[in-house]
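The values are calculated or read from the model by the stated rules, or taken from the named source; none is laboratory data. What you see is a predicted model; the values in this text were computed from it and never measured. Because the Cβ atoms are built from the backbone with ideal geometry, glycine has one as well, and the counts that use them run over all protein chains shown.
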Amino acid sequence: MPIDQDFPKNQKVIGKHKHADGEHFHFVWGPGRSDAESATKTEVQEAYKSRGEEYVPLGVHGTMVAVDWDSCYADGACIEACPVQVFQWYRTEQDVPAIEMANAASQGTGENSMKDLRKDYTDKSDPIREHDCIWCMACVSVCPPQAIKVDQANLEYHEKADGTFNEELSKGSAPPPHSH
């Protein structure tokens, strides 16, 4: 089951994952889905059991570059494909249950963006550097479970959730002419 293409309309913000630079962040949208690929893939469920962690629905990390953490089963193709290191394995920096990342802060240095640095199948591809995306769509085209959506138009949802949306700027039109 691919990422919900309308997740910003169908879900609400349940967290704010901050970049350690103090400026950037991405929202986490939920609720998560208990019937997506992570819940049904044997390798993922066995990895949770071997860690002694409970599998719980996680939701979508990111808005313009969004990864459905319930669909993501740690393939890593997006990490290899991204030319600007938008993604990193979250567990290589903070090896905690994924649900704890909804309101965490991450360094987002790009140093752990190699596919083979995945801890196990409980790891998730985190769009921690969503702000660096160049809209090439490489990640979308290589993701086996179709867990990624890249859409600049979702900036409006991000800004509305952040309280920074400006209706006048979003119209993209010239100001009305003066009447004499």
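Tabulated data for the structure shown
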| quantity | calculated |
| --- | --- |
| Residue selected from region 70-114 under the condition more than 24 Å from residue 31 (Cα to Cα) and of a type in the set (Ser, Thr, Tyr), by the criterion modelled with the lowest pLDDT | 113 |
| Residue within region 73-96 that is closer than 26 Å to residue 12 by Cβ, more than 15 Å from the chain's Cα centre (by Cα), in contact (Cβ under 8 Å) with a residue 40 or more places away in the chain and surrounded by 15 or more Cβ atoms within 10 Å (Cβ to Cβ) present | no |
| Condition broken by residue 69, with the remaining ones in (1) in contact with a Leu (Cβ under 6 Å, 6 or more places away or on another chain); (2) among the aromatic types (Phe, Trp, Tyr); (3) farther than 25 Å from residue 157 by Cα satisfied | (3) |
| Candidates 169, 117, filtered to the one that is modelled with pLDDT under 80 and not hydroxyl-bearing (Ser, Thr, Tyr) | 169 |
| Single residue of 115, 160 found to be surrounded by fewer than 19 Cβ atoms within 10 Å (Cβ to Cβ), free of Cβ contacts under 8 Å to residues at least 12 places away in the same chain and among the basic types (Lys, Arg) | 160 |
| Scope region 41-90; condition out of contact with any helix residue (DSSP H, G or I) (no Cβ under 6 Å at 6 or more places or on another chain) and charged (D, E, K, R); matching residues | 41, 43, 46, 49, 51, 53, 54, 68, 75 |
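This table checks each residue for (1) hydroxyl-bearing (Ser, Thr, Tyr); (2) assigned to a loop (DSSP other than H, G, I, E, B); (3) in contact with a strand residue (DSSP E or B) (Cβ under 7 Å, 6 or more places away or on another chain).
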{"site": "96", "(1), (2), (3)": "no, yes, no"}
{"site": "100", "(1), (2), (3)": "no, no, no"}
{"site": "135", "(1), (2), (3)": "no, yes, yes"}
{"site": "139", "(1), (2), (3)": "no, no, yes"}
{"site": "146", "(1), (2), (3)": "no, yes, no"}
{"site": "149", "(1), (2), (3)": "no, no, yes"}
{"site": "159", "(1), (2), (3)": "no, no, no"}
